[in-house]
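So the structure is just underneath, and the comments pick up after that.
The values are calculated or read from the model by the stated rules, or taken from the named source; none is laboratory data. Since we're looking at a predicted model, the values are computed, not measured. Glycine gets a Cβ as well: all are built from the backbone with ideal geometry, and neighbour counts include every protein chain shown.
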Amino acid sequence: MDAQDRLNRSYQNSAIYTSGFYADPEDELNTHTKLFDSLKSLTMNQHGDTQFSLQIMTTNSEINVMPLGLVDLNDLKEYEDRQRAKYGLNYNKEDIPLLVQFSPHTEHGQVVKKIIGTTQDLFGNFNEAFPKIWHTIRDFLKENQKILTEIEADLIADSHDVKKEYFTNFSKMSADQRKEALGFALDEKEIAQFATYMADMHEVQAIVLSAASFSTNELLGKNLFADIMNDNVRRSTLFWVLDNTFYEIFYYFYQKYATDHEKMQKYLRHHKDTWIVNMRNDAFHRAQEQLTNPKNQIDFNHYFTDIFIPVAQQLATEITNFKDQK
């Protein structure tokens, strides 16, 4: 019996052990610890032929650690064909390759698959196998951060165009016209700063509405919010979307205003963990309020807007205050 036959038979008769976690951007130490603990727990509590999948969610991709063939047995068949052609009778067909797969959540993103030893290596010699797995995952995390950086660059470029439109429109108005349009007085010398702020909020709103649209179409559908919160997978995905939305907003401001300011970088990074915890608490509180009447339908546009516009406003204020102190 070759590895494909054994794997196929095993899948038909046993459950798949699954676990996962969220990898915060640019927090290698925390991700390394989570990965170590997750894989160590797997090897200590399961046996060597356990079918498993470890899912690592990131801002713009997911990374999976699993036996080759778990998702598509053809992958394993093609691998075995290559190994037989290379090694002939010396090919050890009892070992099952260990796959680390990177799946970017972008329109033209290509799935990348890398074989890192075997599942037997992981269970039999964890201390030797783990660094190889971590090295590959760390490279994929860097690729994910590159994707996030490119997304932010597009948003920032668009914000410059939007700012020009706001600046032109407000500059054409008289002081009275601006007051009537905005509801407050806007001095001519303040137009540039206000146009920048409005452009930033325009990009934030685009991020927020995109997250709300995904949540509405992919998670909610024709169901109730209570159905999402009672389903482990959809509930976890919702909170993954919330974290992603926070980071996309955070790195928008970070990349636009702090790239060339080391002290501001340190300041924003220092407060990042506190701000995301506050966001999570607010999101959870609002979710609980929504569940007081389980039959109520949720409007994710309002839900995400109410959570993240204050986050963006705080970031804008923090950056302005930091600049004013210089």
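See the values below:
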quantity: Residues that are among the hydrophobic types (A, V, I, L, M, F, W, C) and crowded, with 18+ Cβ neighbours inside 10 Å, drawn from segment 199-210; calculated: Ala199, Val204, Ile207, Val208
quantity: Residues located in segment 276-326, provided they are surrounded by 15 or more Cβ atoms within 10 Å (Cβ to Cβ) and either of a type in the set (Val, Ile, Thr) or in contact with a Cys (Cβ under 7 Å, 6 or more places away or on another chain) (or both); calculated: Ile276, Ile298, Thr305, Ile307, Ile309, Val311, Ile319
quantity: Matching residues, segment 28-82, being basic (Lys, Arg) and either modelled with pLDDT of 85 or more or under 23 Å from Val233 (Cα atoms) (or both); calculated: Lys34, Lys40
quantity: Flag for Lys163 being of a type in the set (Lys, Arg), part of a helix (DSSP H, G or I) and either surrounded by fewer than 18 Cβ atoms within 10 Å (Cβ to Cβ) or more than 33 Å from the chain's Cα centre (by Cα) (or both); calculated: no
quantity: Complete set of residues in segment 264-293 that are farther than 18 Å from Asp27 by Cβ and either in contact (Cβ under 8 Å) with a residue 40 or more places away in the chain or in contact with an Asp or Glu (Cβ under 6 Å, 6 or more places away or on another chain) (or both); calculated: Met264, Ala283, Ala287, Gln290, Leu291
